[in-house]
Structure formats: structure tokens, C-alpha cells
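The values are calculated or read from the model by the stated rules, or taken from the named source; none is laboratory data. Everything numeric here is computed off the predicted structure, so don't read it as measured data. In this analysis, Cβ positions are derived from the backbone assuming ideal geometry, glycine residues included, and neighbour counts consider all displayed protein chains. Heads up: the accessible areas ignore ligands, DNA and RNA and are worked out on the full protein's heavy atoms, side chains in. Shrake-Rupley method; radii C 1.70, N 1.55, O 1.52, S 1.80 Å.
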Amino acid sequence: MISSVRQYDSGTYTCRGYRGRDSQSSEISNAVTLTVSERAQAVLNVSPQSWLTEGDSVSLSCEVRDSSTGWTFSWYRSVPYRECLTPVTYNHSYVRYCVELLSDSIRGSGGSYTLSPAAQHHTGVYVCRAERGEPAYQTQYSNTQPLWITGLSPPVSLIISPSRTQHFSGDSLSLSCEGQSDSTGWRVRRYTHSGNVSDCSSFRGSVTGSRRTIRYLYTSHTGVYWCQSESGGSSNPVNITVHNLPTTTLTVESQSPVFTGESVTLKCEVQGYDGWTYQWRYKKKAQSQWTTMSQSVFYTVNRDTLTISGDAVVNGDQYQCRGERHDRPTTSQYSNNVTLTVHGKITVISGI
């Protein structure tokens, strides 16, 4: 008997009898094919929507993909890592988030869990799971489903500083839970569109009380943020999107190939926005440090072009550029590298 089958147990099986006292054996039996599918998957949906106002009604529905009978459903909500008793892992190793069984989970055992009216403390990320049989067979945890419930008088507010309409890679950002009453015991949490839930205490940066500072934003910081207390209270959620800086392309305008003594002109182009000025830098062959350039007898800057005089054109030197401006975003990404390839002097052969 295989007590707990896995996908790798799939295959063709045969058997034969063996009698020890006279070393006799039977013929091999007919073949039986065993196919073990992946663990059944629970699927969680929300109706009418995941963003709600306090007092609205909302229903979560759980079903098992490709199977509809005999299942009993359980309901969970994500909790901070330090309160983790039930981790949900990816590929049996990476912990995506932690959950706890809802105290009234049993009322959703039929596959539907309704909040009516929805209150602000219901804000959070939910998952479900189904089981059937004896001993119980359990499905995988479902996809995550967030519920964001805004109220007129939240116990605390999530304050974002600086307050901006747009955030870009490289910006810094502070998040803090502030309210009329004592705001200790609150923490900032985040939900990403990939379905991961995390505490902002796991981010790189600094922590002062309930204030969390992210010194360098990446697009991976995009998500919905909210304050949550140890007792389950919640602030209004805030959607934060971090955009990439505009991309920059550097090209060579000069004719190719370039010979010793010829000048070279480079053109810098930023995708999107306007009002750019351009910063240029170069790196000598076999060096690791970039050097910022400015107008000189060797370098002529004309808006989005840089002309390098023949005396400064060196084989193997690398160049980059980026845009700068007064409005946000104040810079673009650095461009691709352009490496100069310089050939020897042109030799003119006179006719005989």
C-alpha cells in the first residue's frame, strides 16, 4: 500500500507471488497503470469587488477546480510573520505568507463566506482550502484574495512622506501609522499583485517606532499598503505604484568605421516626457570608474549630442548619457554603453 501518493508514484505496476519454502513463484500479473495528478487546487473569487466602503456587503466564494462534490471549505486570513503558525510555501521552501484560521470559518463551510456589513477591521488578505474523505484529503491553499475596506473614521491612518502622485525607482519613502490614540502596536503591511503578503519590517531601510523608511524604491515595492494592529484593526489601504525611470538610448552618428584622428558624434535620446538636458560620462579602457564630462576643447555638447574631437577619440573608451530635468522624474536611466572602435590611419595609395 502507498500511504500517501505523490506525482512521481505515477507509472505501470505489476506483481507476482513467491513462496519461500520451495522457492516457487507465480507468473507476473497483468499491468495496472497508476496516474497521480497534482494536488487539487482551490480557487477563490470575490463579489462584487475587492475595494469596498465600510457598510457594504461582500461575498467570497471558494471552489475546487475540476471537482464539485463532497468538499468542506475552511477560511483563513494572512497574519504577520512573527505570529506565524501556518506558513504557506512556494515549491515547499519559500514562505510566501502566513495565515490563521478564521474564528467563524465554519459558517463558510459550504463554499461561501459573506461579510455583511463589512467593517474596516475586515481589511486583509484571505485564502481558502477544501477537504473531503476520511482520513481528510486537503487541497492546496487557494489564490490570495484581498479585501480593502475604507471607513470615515479609521483608528489610525497610513501616512506616506513625501506625499506624491507618482513614485519612481530610486526615490525614498517613509510610511507611518498615526492616529488620535496611541499608535504603538501597529505595523505597516503590503500586498503585491503577485499575491505575496509581507510586513514592511522585512524591507531594507530604517525603523523608528511605527515609522518605516525605504531608502531606495524599486518597482517591486509596488503594492497596496495598510496599517494593521495586533488585535486585527486596520487603517484605510493605500495603493502605491513605483514606476521605472525613463529609458535612454545612446547612438553613434558618425560614419563607420572611425579612423585615428577623426571626430565622433554621439546622440542621446530619452523615451517620454520633455524638458531634458543631458549628462555625459565616459570610462577609459580597463578602468572601472566613470568620469562625468562637460564642455571643453575636446568635447562639444550641443543639446542632445556630444562631439568628441579626434585628439580625444581612443579605441576602447566607453560612453554613457542620461537625461536631467527640473520636474519629476528628475532623471532618466543611464543609457546603454557605447564603446569606441578606432582603426588605424587611412593610407592613400597613389596610382602608378
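The table below gives the values:
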read-out	value
Gyration tensor verdict on segment 121-172 (Cα atoms; rounded if a/c is under 1.5, prolate if a/b is larger than b/c, oblate otherwise)	oblate
Theoretical FRET efficiency, 1/(1+(r/R0)^6), r = Cβ-Cβ of residue 16 and residue 36, R0 35 Å, to 0.05	0.90
Radius of gyration and maximum dimension Dmax of segment 1-141, Cα, Å	22.1, 80
Most fluctuating residue given options 323, 195, 17, as computed from a GNM of the chain linking Cα atoms under 10 Å	17
Taking N as its residue count, the alpha carbon Rg of segment 233-295 over 2.2 N^0.38 Å	1.86
Candidates 227, 15, 268: whichever shows maximal mean-square fluctuation once the chain is modelled as a Gaussian network with Cα springs under 10 Å	15
Accessible-area value, residue 334, 1.4 Å probe, nucleic acids and ligands omitted, Å²	70
Diffusion coefficient, µm² s⁻¹, Stokes-Einstein with Kirkwood Rh over alpha-carbon pairs of the chain at 25 °C and 0.890 mPa s	94
Ranking by accessible area, most exposed first, for 298, 168 with a 1.4 Å probe	298, 168
Solvent accessible area, Å² - residue 54, 1.4 Å probe, full protein context	90
Whole-number accessible area per residue in Å² for the chain, which is evaluated in the context of all protein chains at 1.4 Å	59
Potential extension, residue 25-residue 69 segment - 0.36 nm per residue separation minus Cα distance	11.4 nm
Over segment 212-352, volume per residue of the alpha carbon convex hull, in Å³	156
Cα coordinate range in segment 280-333, projected on the principal axes (Å, largest first)	36, 25, 12
Residue 164 paired with residue 3, simple spin-label distance in nm, labels 7 Å along Cα-to-beta-carbon	5.7
Length added when fully stretched, residue 112-residue 309, from 0.36 nm per residue minus Cα-Cα	63.5 nm
Paramagnetic label zone (point 7 Å from Cα along Cα-to-C-beta, residue 136; backbone N under 14 Å) in segment 46-74	71-74
Listed residues 222, 277 arranged by accessible area, highest first, probe 1.4 Å	277, 222
The chain, accessible surface, carbon-and-sulfur percent (1.4 angstrom probe)	47
For the chain, built as a Gaussian network whose Cα springs stay under 10 Å, the top-fluctuating residue of 99, 36, 238	36
Ranked order, 1, 293 - accessible area, probe 1.4 Å, largest first	1, 293
